[in-house]
Amino acid sequence: MTAQALQIDRELERLDGLWEDGLQDTYKSYMDFVGAYEPAERPRLALAAALIESGLRLQGLGGPAAAAAPLLMGDLCLARASRLLADHASQTLQVAFARAIEKMSANAASGEAGGPVREFLVLALESGR
């Protein structure tokens, strides 16, 4: 097992089933957008973005309120992503992610269509370099 795989395994503790339920594909898609970052940081940043996207989906952002179990799993995804960013991302990138989440949440609260989550997070990755 590679060091990258061990790191991802540690970050996925208590997130049973999410990797197979689409988090892996989401992670792989974000790997396409982190090429401008240091090689050692790319997997962590892609995982943080994937966790944010999954967490927001689990919380039902912009849709009906989520049930308690998915809501808590979404909270855990967002907390893990926050820690990954705090430990491995520049302050500029941390702020870019926070602003993206804030914008998506504000749009959902006001009933506006704000665009797909992935677009906001890819823009955060691009502007946070």
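The values are calculated or read from the model by the stated rules, or taken from the named source; none is laboratory data. Just so we're clear, the structure is a prediction, and the values are computed from it rather than from any experiment. Side chains are part of the model used for accessible areas, which takes the heavy atoms of the whole protein and leaves out ligands, DNA and RNA. Shrake-Rupley method; radii C 1.70, N 1.55, O 1.52, S 1.80 Å.
Listing for the model above:
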| read-out | value |
| --- | --- |
| Portion, in percent, of the accessible area of region 9-127 that falls on carbon or sulfur, probe 1.4 Å | 53 percent |
| Matching label, Rg and Dmax of the Cα atoms in Å computed from the structure shown, candidates [x] 14.0, 46; [y] 18.9, 60; [z] 31.7, 116 | [x] |
| At 0.692 mPa s and 37 °C, Stokes D of region 37-104 from Kirkwood alpha-carbon radius, µm² per second | 267 µm²/s |
| 1.4 Å probe accessible area per residue over the chain, in Å² | 55 Å² |
